[in-house]
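Here's the structure, in structure tokens; my notes come after.
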Amino acid sequence: MEHTADWAMEVWAPDLEGLFTQAALGLYRLMGVRLADAPGVSRQLEVSSADPESLLVAFLSELLFRAETRRVAFDRIILQCNGLSLQAQFEEKPLVAQARLVKAVTYHDLAILQAEDGWKVKIVFDV
């Protein structure tokens, strides 16, 4: 019988752009992503949603989809985010290795909170 599990990570940043960027880097870290030492391809991504939490799930799910189907991940990213939409410009590179499979980004206990020193979120991944 196959066992399913969850992984969780907490992310902090001074602004929403940083929070979304750090969440993406954390996803890649959990996946054990290693990128090719080759020139990247410039890409753009736009995502919109009804609330910041759904936006974060949609953004991370898109990155997960690209890693799984195209075997690519971003190397550098410039992100603009207002909580309901984001625009990202990034350099996409081929994956050389991926140590762990992440099945999905979940909504479990997901709440983006503004604190005195910035923004924070706990994200749970289905693995």
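The values are calculated or read from the model by the stated rules, or taken from the named source; none is laboratory data. What you see is a predicted model; the values in this text were computed from it and never measured. FYI the Cβ positions are ideal-geometry reconstructions off the backbone, even for glycines, and counts take in every protein chain you see.
Picking from residues in the stretch 9-48 that are closer than 26 Å to Arg71 by Cβ and small (Gly, Ala, Ser), the one that is modelled with the lowest pLDDT is Ala38. Taken as a whole, the stretch 55-69 holds no residue that is more than 20 Å from Leu110 (Cα to Cα), under 15 Å from the mean Cα position of the chain (by Cα), part of a loop (DSSP other than H, G, I, E, B) and at pLDDT 95 or above.
Would it be correct to say that Val47 is of a type outside the set (D, E, K, R) and in a strand (DSSP E or B)? It would help to see each step written out before you state the result.
Numbers: of a type outside the set (D, E, K, R): yes; in a strand (DSSP E or B): yes.
Here the answer is yes, as Val47 does meet what is asked.
The residues of the stretch 23-43 that are surrounded by 12 or more Cβ atoms within 10 Å (Cβ to Cβ), over 13 Å from Leu63 (Cβ atoms) and not hydrophobic (A, V, I, L, M, F, W, C), listed by number, are Gly32, Arg34, Gly40.
Tell me, yes or no, whether the stretch 2-22 has at least one residue that is in a helix (DSSP H, G or I), touching a residue at least 24 places away in the same chain (Cβ under 8 Å), more than 23 Å from Glu116 (Cβ to Cβ) and within 13 Å of the chain's Cα centre (by Cα).
Start the filter on the stretch 2-22 by keeping residues that are in a helix (DSSP H, G or I), which leaves 16-22.
Now drop any that are not touching a residue at least 24 places away in the same chain (Cβ under 8 Å), which leaves 16-21.
So of that shortlist, the ones also more than 23 Å from Glu116 (Cβ to Cβ) come out as none.
No: zero hits.
Within the stretch 80-100, being exposed (fewer than 13 other Cβ atoms within 10 Å of the Cβ) and in a loop (DSSP other than H, G, I, E, B) holds for Asn82, Ala99, Arg100.
May I ask you to say which residue of Glu53, Glu68, Glu17, Glu46 is acidic (Asp, Glu) and buried (at least 18 other Cβ atoms within 10 Å of the Cβ)? Don't jump to the end; show me each part of the working.
Details: Glu53 fails: buried (at least 18 other Cβ atoms within 10 Å of the Cβ); Glu68 fails: buried (at least 18 other Cβ atoms within 10 Å of the Cβ); Glu46 fails: buried (at least 18 other Cβ atoms within 10 Å of the Cβ).
Matching residue, one of Glu53, Glu68, Glu17, Glu46: Glu17.
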